[in-house]
1. Name the residues in the stretch 54-85 that are of a type in the set (D, E, K, R) and within 26 Å of Leu32 (Cβ to Cβ), would you?
2. Take the residues of the stretch 155-177 that are closer than 15 Å to Gly115 by Cα and under 20 Å from the mean Cα position of the chain (by Cα): which is surrounded by the most Cβ atoms within 10 Å (Cβ to Cβ)?
3. Out of (1) within 16 Å of ligand 3 (Cβ to nearest atom); (2) of a type outside the set (A, V, I, L, M); (3) on the phi < 0 side of the Ramachandran plot, what's the single condition that is false for Gly192?
4. Looking at Glu71, Glu66, Glu56, can you tell me which residue is more than 16 Å from ligand 2 (Cβ to nearest atom) and at pLDDT 95 or above?
5. With (1) of a type in the set (Ser, Thr, Tyr); (2) without any contact (Cβ under 8 Å) to a residue 40 or more places away in the chain; (3) in contact with an Asp or Glu (Cβ under 6 Å, 6 or more places away or on another chain) as the list, and Thr200 as the residue in question, which single condition is left unmet?
6. Read through the list (1) assigned to a loop (DSSP other than H, G, I, E, B); (2) touching an Asp or Glu at 6+ places or on another chain (Cβ under 9 Å); (3) among the charged types (D, E, K, R), then give the number of the only condition that Arg95 fails.
7. In the stretch 178-197, which residues are without any contact (Cβ under 8 Å) to a residue 60 or more places away in the chain and away from ligand 2 (no atom under 16 Å from the Cβ)?
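The values are calculated or read from the model by the stated rules, or taken from the named source; none is laboratory data. A quick note: this is a predicted structure, and the numbers were derived from the prediction, not measured. Here the Cβ positions follow ideal geometry from the backbone for every residue, glycine too, while neighbour counts run over all protein chains shown.
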Amino acid sequence: MTKVFFCEPTDQVFTKLRVYESCDGDMPPCPLFPGQYSRHDASSDRVAVITIPAEEVIPASGSTGEYAGDERWPTACGCGHVFGSGANRSVHHQRLVRRTDTGEAFEGYQALPVGAVWNAFWMVEGRRGDWVGPDGRSLVCRLPDGSVWMIDSRASNCTMPDDDVHKCWVRHGRPEDGDLHVDKAGHTCAAGAGSIATPTWHGFLHHGQLTVC
Ligand SMILES: [Zn+2]
Ligand SMILES: [Zn+2]
Ligand SMILES: [Zn+2]
């Protein structure tokens with residue numbers, strides 16, 4: 001079992017300089033970033049820390065801008081590959097996100113570990129009822145296989161696809177309180193039994209714990 005815990009954004013955003021180069025054509029895949037879309041990828045240490053209110057969306061990664069020519073751009077991937085002149089260079093912003101129980105901080109939502117639950121508030125704006133829970137939040141959970149579960153989204157096998165009011169997964173409790181629980185008790189459809197299945201993990205979120213079934 002894995003205990004779930006809540007994470008919330010701080011007002012701190014880090015800026016890093018990222019370089020990546022796709023492994024297509026004759027270039028063999030990078031051992032550090034394998035797979036179909038293999039790439040060589042490296043980021044600098046923090047080059048700036050800026051304050052952006054936690055509820056605001058951070059700027060998208062942009063072109064080199066004011067950092068063009070900066071000596072802190074990485075010159076090689078961690079595997080040793082030296083970036084060519086055609087490599088992509090972008091200024092990358094990362095929100096500092098903090099566990100509310102221990103205070104431990106992580107660079108970006110992607111870095112949150114297994115068991116983390118957060119509010120993808122940027123999914124709420126402009127949406128209809130689907131993807132938003134009864135508390136106005138869109139909670140996401142990092143599963144033991146590393147994938148993410150959008151708890152307030154629609155199950156792929158939803159039996160009421162035209163209905164935006166019901167929830168395919170019904171939430172009870174709050175991750176902040178350690179008692180988040182997801183089941184089919186409430187206004188729901190006939191899809192599943194309240195579990196979440198990915199290609200590599202299947203289980204429940206019951207009484208604040210992720211449990212294999
Ligand atoms: Zn590499
Ligand atoms: Zn449904
Ligand atoms: Zn199962």
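1. Scanning the stretch 54-85 gives Asp70, Glu71, Arg72.
2. Pro175
3. That leaves (3) as the condition not met.
4. Working: Glu66 fails: at pLDDT 95 or above; Glu56 fails: at pLDDT 95 or above.
Exactly one of Glu71, Glu66, Glu56 is more than 16 Å from ligand 2 (Cβ to nearest atom) and at pLDDT 95 or above, namely Glu71.
5. For Thr200, the exception is condition (2).
6. (1)
7. The first filter runs over the stretch 178-197 and keeps only residues without any contact (Cβ under 8 Å) to a residue 60 or more places away in the chain, leaving 179, 181-197.
Across the stretch 178-197, the qualifying residues are Asp179, His181.
Residues are listed down the side, and each one gets a yes or a no for (1) in the same structural domain as Gly203 (by TED's automatic domain parsing); (2) in contact with a strand residue (DSSP E or B) (Cβ under 6 Å, 6 or more places away or on another chain); (3) under 12 Å from Val91 (Cα atoms):
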position	(1), (2), (3)
Lys16	no, yes, yes
Asp26	no, no, no
Pro31	no, no, no
Thr51	no, yes, no
